[in-house]
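Heads up: the structure comes next, in structure tokens.
The values are calculated or read from the model by the stated rules, or taken from the named source; none is laboratory data. Note that the coordinates shown come from a computational prediction; the quantities given were computed from them, not determined experimentally. Backbone-built Cβ (ideal geometry, glycine too); neighbour counts: all protein chains shown. Calculation scope for accessible area: heavy atoms of the full protein, side chains included, ligands and nucleic acids excluded. Shrake-Rupley method; radii C 1.70, N 1.55, O 1.52, S 1.80 Å.
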Amino acid sequence: MIKIEDIARPADRLTEIVPERMVPLPPPYDGVDALPPRKRLTDRARANCDCSLDGFLAVGMTRPKTEEEEQQLIKRFIAGLDRLLSPDDNWAFLQQLTLSLDHCARCQTCVEACPIYTASGRNEVYRPTFRSELFRRIVNKYAKRGGKLLAKLKGEDIEVNATTILRLLESAYRCTLCRRCAQACPMGVDNALLTREIRKLFSMELSIAPKELHENGSVMQLRVGSSTGLKPRVVKDTIEFLDDEIREQTGLNIHTPWDKPGADVLLIHNAGEINAWPENPMAFAIILEAAGISWTMSSDLAGYDSVNYGLWYDDAQFARVAVRQVQAAKKLGVKKIVLGECGHAHKASMVTADRLLPKDLDIPRESSMTFLRDIVLSGRLKLDPARNAFPVTLHDPCNMVRMMGIVKPQRDILKAICPQFREMAPHGVENYCCGGGSGFAVMSAFNFEDWRFLVAGRTKLKQILEAFEDCPDPETKKYVCAPCSNCKGQFRDLFNYYGVWKKSGILYGGLVELIVNAMTDLQKPYIKWEFH
Amino acid sequence: MPPLTLALIAAISVFLLGNLCRVVKAMLMPVHLRWDLYPIPKGPRDRQRYGGSYFEETEWWTKPIDTGLGGEVAFMLKEVFLLRGVFENFRALWVWSLLLHWGLYVYMVSAATAVAVSALGAHLVFERTLLLNAAFAECVDACTLGGIGSLGLLATRIFNSRLKGFTTRATVFNLSLLAAIFGTGLIALFHPNRGMLIALAEIVAGRHATGAYSSATVCHFALVAFFLVYFPFTHMTHMYMKYFTWHGVRWDDLPARFDEGGRRAIAKNLARRVFWRAPHIHEAADQSWAAVVSSSGQLGKTEHD
Ligand code: SF4
Ligand code: SF4
């Protein structure tokens, strides 16, 4: 059995993923041989990075090359620990951090709640408390008075060397921050919070974060306006093209309003939708126009992209993006912001940024789930549930549900328009993460995708298959409603990896697509049963 | 003052002061950002049942927000007295943990009863006997429950495969200490000469003579005194720090628009200086948080400008 102190000891591999030991999937997914071949790390990655945690790389930090570089790394890492405990540098999360560091009873009550740990066949390295306890011991030893002596006395001595640091970093990207374990902890300790603090230390002190979240994520968003790289002119052109698409597909004449001062609603999508799932923003436009809503989109910096990747790894990046999004709304003088189908964007803007915003920027922010529920139940749209006569299940995005308590509105809609709606087990605030949480859905460097599909998404896939176990035949088309852009990204890749569309006929998509599919104003079904 | 009385008074003082310090320290932490976790026991009961929040309301900011503590108290009572979380998530641990916790609770009640005896005048013989008998029965229960609980927990911690890799020296020490307290308590209670509870009543009243008690009694109180001093420096303070982890963090869902004080506190936090050293944090050295937030972190203009 791997022990926490092993983290500092040199070894080619601390652990590895053995598919045979993992939680089995139902047939036809039970054969290990049918899995796509694993990606091999390049020789360069092997030479420069430390993949000795579990053979995978998510961040791929470069290993220090000299003794001097290693000492420098250790020094800066320890300085980062001090900053995490400083009220100046970490006022935003200091309370939560110290409570979780100081009050864990090591009772392991939380561990079975973790979909990653259980799916992996209970691999010690993925145990929610493994990472937390390692970090706790490091903090206690290196950032607290008398820590070194106490660490020896208590038998909790961990050596911080380059191997420890590099493995700790990779380990912080083996948790989706889903907070299922926190929900189960009787002390109120939060392993996910600790994971985020580790990520934060690396980003804010050592400038180390996954490229997809930082350079190509929040930095890109603050530079051009969106983490997709879409500039305002391009995004406007694309949406105009989508308006044409709506006309062609449905005959409806829609012009998405841009930068309309005084509109009631500023709709902010996860801009990833515009490129990857254009049917989603199109469906929103159809619904809003049909319901007679006064709405607009904004072409201001961050005003057309609701994502906020800083939520997962960096307080400064988080705050910068959050403020700019509401500034866009303020400039237009809208009555409220409605957040499109993106879970983390919901939480970032409505919960985490809540106290950060000065009064004049506190523009009301509403979930599209409640907003759509009100439209659907008001009878403003002519809907025929018979148009959605296929099995539908609902995925609960962790950020929107477990961390915001938005549970029922989306169910009210589905119950009204999908006669074959069925729940997954468990669901609601006890749901399982899709496996793409905390940025994983957009992370695909090195061989990380293999881990994401083999381990992180495994529990969810099993749950989805079980929800449709009465109709496994691929000819019966089924729909996983995932009202979150990142979750959809994970489902797309996960389903591709396991061949779910082919083997089981399961499609994933958003909530608005189902609403539009039920609209009697449309001649043809809106949902095209094509996997993309 | 007799040495045992002195030792207990000193231990209780450290206990109170140590715990007070922990609470004050937690209270003085800077106001933090929200980190809600549902279910939160607030709002209408049917919503609480599935873990819904006020965000489910149409234009939630126009509706009253439930700041009542009723649901929180009910939840906490279940957590404290029934260990609901452990029951639901780790049944093998729950049995022993419940016994230990109830042992501690009943022990506190019996100590309070014995202390009450010391407050009664010597002439109230009937009342004193009644209370002493009650305290005796309580203490026997407490030590039995606590003793079985702590030993059961110790064994579970050492042998259960889910736990053993994470059982620290401190855990073994804490449980052994508790087992010793309950064990010596039981022995002292049944000492033929003078029961431990009479001793406690006398000690509290400052009336006993050194050496008059059984060694089990002296040993028991010495262990209790040590435990009281040690307790505030351990994670066992979770007993009351749960107030902060639950009420102060995961249930702290009050929106800023209904919490002007909180907003002001955050505004003050934004004036703090930032010392993080990654290049994207600072455009100039040692800026305030407010300056960092309003900068783009790009060391220059954005492509949007
Ligand atoms: S995080 Fe909570 S449940 Fe998990 S070991 Fe620590 S105290 Fe126990
Ligand atoms: S937050 Fe989720 S993924 Fe991370 S350790 Fe906890 S349960 Fe596991």
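Residues in the range A:171-197 that are more than 14 Å from chain B (Cβ to nearest Cβ), buried (at least 24 other Cβ atoms within 10 Å of the Cβ) and more than 9 Å from ligand 2 (Cβ to nearest atom): A:A172, A:Y173. Candidates are the residues of the range A:394-419 that are open to solvent by less than 10 Å² (accessible area, probe 1.4 Å) and not in a loop (DSSP other than H, G, I, E, B); the one that is nearest to the other protein chains (Cβ to nearest Cβ) is A:P409. Across the range A:112-153, the qualifying residues are those that are among the polar types (S, T, N, Q) and outside any helix (DSSP H, G or I), and the one among them that is farthest from ligand 2 (Cβ to nearest atom) is A:N123. Filtering the range A:139-170 to residues that are out of contact with any Lys or Arg (no Cβ under 8 Å at 6 or more places or on another chain), within 14 Å of another protein chain (Cβ to nearest Cβ) and among the small types (G, A, S) leaves only A:G146.
Of the helices (runs of 4 or more DSSP H) that lie entirely inside the range A:437-513, those containing 2 or more residues that are of a type in the set (V, I, T) span A:458-467. Looking at A:G229, A:G217, A:G155, just one residue is under 22 Å from A:A316 (Cα atoms) and at pLDDT below 95, and that residue is A:G229. Among the residues of the range A:439-477, just one is within 16 Å of ligand 2 (Cβ to nearest atom) and in contact with a Lys or Arg (Cβ under 6 Å, 6 or more places away or on another chain), namely A:F440. Pairs are defined by a Cβ separation below 6 Å, a sequence spacing of at least 6 or placement on different chains, a first member in the range A:262-274 that is buried (at least 21 other Cβ atoms within 10 Å of the Cβ), and a second member that is of a type outside the set (S, T, N, Q) and at pLDDT below 95; the pairs so defined are A:A271/A:L230.
Looking across the range B:48-63, the residues that are within 11 Å of another protein chain (Cβ to nearest Cβ), open to solvent by 30 Å² or more (accessible area, probe 1.4 Å) and under 19 Å from A:E366 (Cβ atoms) come down to B:E57, B:T58, B:E59, B:W61, B:T62. Restricting attention to the range A:78-99, does a residue exist that is hydrophobic (A, V, I, L, M, F, W, C) and within 14 Å of ligand 1 (Cβ to nearest atom)? Looking for residues that are hydrophobic (A, V, I, L, M, F, W, C) and within 14 Å of ligand 1 (Cβ to nearest atom), one finds at least one in the range A:78-99, hence yes.
Would you say A:E341 is more than 8 Å from chain B (Cβ to nearest Cβ) and either outside any loop (DSSP other than H, G, I, E, B) or closer than 21 Å to A:S299 by Cα (or both)?
Working: more than 8 Å from chain B (Cβ to nearest Cβ): yes; either outside any loop (DSSP other than H, G, I, E, B) or closer than 21 Å to A:S299 by Cα (or both): yes.
Yes.
For the range A:202-237, residues that are under 18 Å from A:P281 (Cα atoms), open to solvent by 30 Å² or more (accessible area, probe 1.4 Å) and either among the β-branched types (V, I, T) or not assigned by TED's automatic domain parsing to the domain that holds A:H255 (or both) total 2.
For the range A:87-99, check the following and say yes or no: at least one residue is away from chain B (no Cβ under 11 Å), over 22 Å from A:L169 (Cβ atoms) and either out of contact with any strand residue (DSSP E or B) (no Cβ under 8 Å at 6 or more places or on another chain) or basic (K, R) (or both).
First, pick out the residues of the range A:87-99 that are away from chain B (no Cβ under 11 Å): none.
Checked the range A:87-99: no residue is away from chain B (no Cβ under 11 Å), over 22 Å from A:L169 (Cβ atoms) and either out of contact with any strand residue (DSSP E or B) (no Cβ under 8 Å at 6 or more places or on another chain) or basic (K, R) (or both).
The one condition from (1) part of a helix (DSSP H, G or I); (2) within 16 Å of ligand 2 (Cβ to nearest atom); (3) open to solvent by less than 20 Å² (accessible area, probe 1.4 Å) that A:T109 does not meet is (1).
Just checking, does the range A:57-80 include any residue being part of a loop (DSSP other than H, G, I, E, B), farther than 26 Å from B:F166 by Cα and of a type in the set (S, T, N, Q)? Before the answer, list the steps.
Here is the first cut: in the range A:57-80, the residues part of a loop (DSSP other than H, G, I, E, B) are A:57-61, A:63-66.
Those left that are additionally farther than 26 Å from B:F166 by Cα: A:57-61, A:63-66.
In the following step, the residues that additionally are of a type in the set (S, T, N, Q) were identified as A:66.
Yes, the range A:57-80 contains a residue that is part of a loop (DSSP other than H, G, I, E, B), farther than 26 Å from B:F166 by Cα and of a type in the set (S, T, N, Q).
Of all residues in the range B:231-250, exactly one satisfies the criterion of being under 10 Å from the mean Cα position of the chain (by Cα), among the aromatic types (F, W, Y) and at the interface with chain A (Cβ under 7 Å from one of its Cβ atoms), namely B:F244.
Any residue at all in the range A:30-38 that's β-branched (V, I, T), open to solvent by 20 Å² or more (accessible area, probe 1.4 Å) and modelled with pLDDT of 95 or more? Steps first, answer last, please.
First pass over the range A:30-38, keeping only residues β-branched (V, I, T): A:32.
Narrowing further to those that are open to solvent by 20 Å² or more (accessible area, probe 1.4 Å): A:32.
Adding the requirement that they be modelled with pLDDT of 95 or more leaves none.
Checking the range A:30-38: not a single residue is β-branched (V, I, T), open to solvent by 20 Å² or more (accessible area, probe 1.4 Å) and modelled with pLDDT of 95 or more.
Note on the range B:64-99: among residues that are more than 15 Å from ligand 1 (Cβ to nearest atom) and in contact with a Gly (Cβ under 6 Å, 6 or more places away or on another chain), the one that is most open to solvent (accessible area, probe 1.4 Å) is B:D66.
Based on this model, can you work out whether A:F77 counts as within 16 Å of ligand 2 (Cβ to nearest atom) and aromatic (F, W, Y)? Spell out how you get there, then give the answer.
Values: within 16 Å of ligand 2 (Cβ to nearest atom): no; aromatic (F, W, Y): yes.
Answer is no for this residue.
Set side by side, the residues A:E70, A:E133 differ, and just one is more than 10 Å from ligand 1 (Cβ to nearest atom), under 20 Å from A:D157 (Cβ atoms), in the same structural domain as A:I198 (by TED's automatic domain parsing) and among the charged types (D, E, K, R), which is A:E70. Candidates are the residues of the range B:9-42 that are buried (at least 20 other Cβ atoms within 10 Å of the Cβ) and either more than 9 Å from chain A (Cβ to nearest Cβ) or on the phi > 0 side of the Ramachandran plot (or both); the one that is farthest from the chain's Cα centre (by Cα) is B:K42. Just one of the numbered conditions (1) touching a helix residue (DSSP H, G or I) at 6+ places or on another chain (Cβ under 9 Å); (2) open to solvent by 20 Å² or more (accessible area, probe 1.4 Å); (3) at negative phi is not true of A:N90: (2). Just one of the listed residues (A:Y432, A:Y498, A:Y526, A:Y508) is open to solvent by 30 Å² or more (accessible area, probe 1.4 Å) and of a type in the set (S, T, Y), namely A:Y432.
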